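The values are calculated or read from the model by the stated rules, or taken from the named source; none is laboratory data. Bear in mind that the values here come from a model prediction, so they are computed numbers and not experimental data. Cβ sites come from the backbone with ideal geometry, for glycine too, and all protein chains shown count toward neighbours. Just so you know, the surface numbers come from the protein's heavy atoms only, side chains and all, with ligands and any DNA or RNA stripped out. Shrake-Rupley method; radii C 1.70, N 1.55, O 1.52, S 1.80 Å.
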Amino acid sequence: MKTEGLRIDGARLLARLAELAAIGQTGDGGCCRLALTDEDRAGRDLVCRWMREAGLEVRIDAIGNFFGYRPGTEDAAPVMTGSHIDTVATGGRYDGCLGVLAGIEAVHTLNAAGLRTRRPLVVGVFTNEEGARFAPDMLGSLAYVGALPLEEAYARVSIDGKRLGDELARIGYRGEAPLTLYRPHAHVELHIEQGPVLDAEGDTIGAVEKVQGISWQEVSIAGESNHAGTTPMRLRHDAGYCAAAIGTFLRTLARELGGDQVCTMGSVTLHPNLINVIAARANVTVDLRNTGEAALQEAEQRFAAFLVQLARDEGVAIETRRLARFEPVIFDAGVATLIARVASRLGHSCRPMTSGAGHDAQMLARICPTAMVFVPSVKGISHNPAEHTSPEHLAAGADVLLHTLLELAA
Ligand code: HGY
Ligand code: MN
Ligand code: MN
């Protein structure tokens, strides 16, 4: 099959990224398509239409993952690509969407060239990758590989109090296909880096070899509301102070552990959240990540010990609830090396990388040889309406994906 000169249609890719970004647009260039909301449904409907227009057979599984299937000349295990189209509340237009739309672009390119790969190709869109509305993140791909029982997934309750199974049915994406619909021969996900490395180093492609470990927990603090004016400091059981102390401790913890350790208190809610009332309750979320599993456990243990001391010092009750815990993942060296080889063959600078963000690919890696292609995020900004990747880099990433898929499907 003469494929060397094949390139995707960058203009169509850009136009579709813009069209998808218009769904759930937040007016400041950003997108809000939280998982299983009406906006997510609209995005899913649009991508399903594009899949069908590309001649793909669309199937939806029991957790709402959906797939576009392109037969090969042989009925062999398919080569899979794809990502997610749900966003955080202040998302950009590339996170996840690039990997899905570039996968469909690869199919259009093969259609236009009248080429049929030996292995079938599948473009997958996974449910609730972000984990912003329902924890954990990568929920759809975790269920897909059989690591999260369906009933448990359906029972997850969102931050706005909705049951996942109900929301999935409500938007009409509780599909009939069983989980692990396809056992891929290999899986490759294209994604923006969402970090500063490629942009700072001036490289175009990242051949992703690893994903760091993730630990998410919710911390509930029960203190005692009291009058802000009359209550002496020594008599306070101030949940608001405890929330602040946690945020400060996490910064110190990251500095003391050093290396790749990152700590984030992304959400804080106080009750009653009033200027003249000492907070009775506080709920905070804690996101700890590290490339090393032992180091991540160290961070978790130090944080747990800090909470015990804080509860004692402040006379409050503190409970924690684990929301997600994924160990670091090593991708398939063969697939990562192939990505690097394809990138250089296409004339793009490339560097091996570890992903700081979680991705569906880290779940697919449990069932088949998997790796990822990264393209630069300008200034490393992501989960922010200012998220940007240049058209040249978008096309370069999609071309590297196309040719990597071709080699794997040959
Ligand atoms: O949290 C993450 O790393 C991803 O954006 N879900
Ligand atoms: Mn993503
Ligand atoms: Mn994301």
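Observations
- Within the chain, the selection of entire DSSP H helices by a Cα span of 20 Å or greater along the long axis and an average Kyte-Doolittle value of at least 0.0 returns 97-113, 239-257, 391-409.
- Computed in the context of the full set of protein chains, the accessible area of segment 213-326 at 1.4 Å probe radius has 51% of its extent on carbon or sulfur.
- Cα extents for segment 213-326 along the principal axes, largest to smallest and rounded to whole angstrom: 48, 22, 19.
- For the chain, share of DSSP beta bridges that run antiparallel, in % to the nearest 5: 70 percent
- A simple spin-label model places pseudo-atoms 7 Å from Cα toward Cβ; at residue 11 and residue 111 they are separated by 1.8 nm.
- Straightening the chain between residue 309 and residue 176 buys 42.9 nm, computed as 0.36 nm per residue apart minus the Cα-Cα spacing.
- Once divided by 2.2 N^0.38 Å, the Cα radius of gyration of segment 155-272 becomes 1.65.
- Ranked by solvent-accessible area (1.4 Å probe, protein heavy atoms only, all chains present), the residues 330, 381, 339 order from largest to smallest as 330, 381, 339.
- If R0 is taken as 60 Å, the Cβ-Cβ distance between residue 185 and residue 322 corresponds to a FRET efficiency of 0.95.
- Considering only 211, 286, 277, the mean-square fluctuation computed in a Gaussian network model of the chain, springs between alpha carbons under 10 angstrom, is largest for 277.
- For segment 255-315 versus segment 323-357, the gap between their alpha-carbon centres in whole angstrom: 31 Å
- Scanning residues 5 or more positions from residue 63 or on other chains, those with amide H under 5 Å from its amide H are 175, with H placed 1.01 Å from N in the peptide plane.
- Carbon + sulfur, % of accessible area of segment 1-116 - ligands and nucleic acids excluded, 1.4 Å: 50 percent
- Rounded accessible area of residue 69 (nearest 10 Å², 1.4 Å probe): 40 Å²
- Protein heavy-atom accessible surface, 1.4 Å probe, per residue over segment 1-109: 34 Å².
- Computed over Cα pairs, the Kirkwood radius of the chain leads via Stokes-Einstein (0.692 mPa s, 37 °C) to a diffusion coefficient of 148 µm² per second.
- Using C-alpha pairs under 8 Å with a sequence gap of at least 6, the mean separation divided by the residue count of segment 163-301 gives a relative contact order of 27 percent.
- Taking all protein chains into account, the per residue accessible area for segment 272-346 stands at 51 Å² (1.4 Å probe).
- Segment 1-109: Rg to Rh, with Rh as the Kirkwood radius over Cα pairs: 0.99
- Helix-only CD estimate at 222 nm, as mean residue ellipticity for the chain, using -39500 (n - 2.57) per DSSP H run (n ≥ 4): -11000 deg cm²/dmol
- For segment 53-201, the Kirkwood radius over C-alpha pairs fed into Stokes-Einstein at 10 °C and 1.306 mPa s yields D = 98 µm² per second.
- Computed FRET value (nearest 0.05) for residue 268 with residue 351, which takes r as the C-beta separation and R₀ as 41 Å: 0.65
- Inter-centroid distance (Cα atoms) of segment 66-83 relative to segment 110-148, Å: 11 Å
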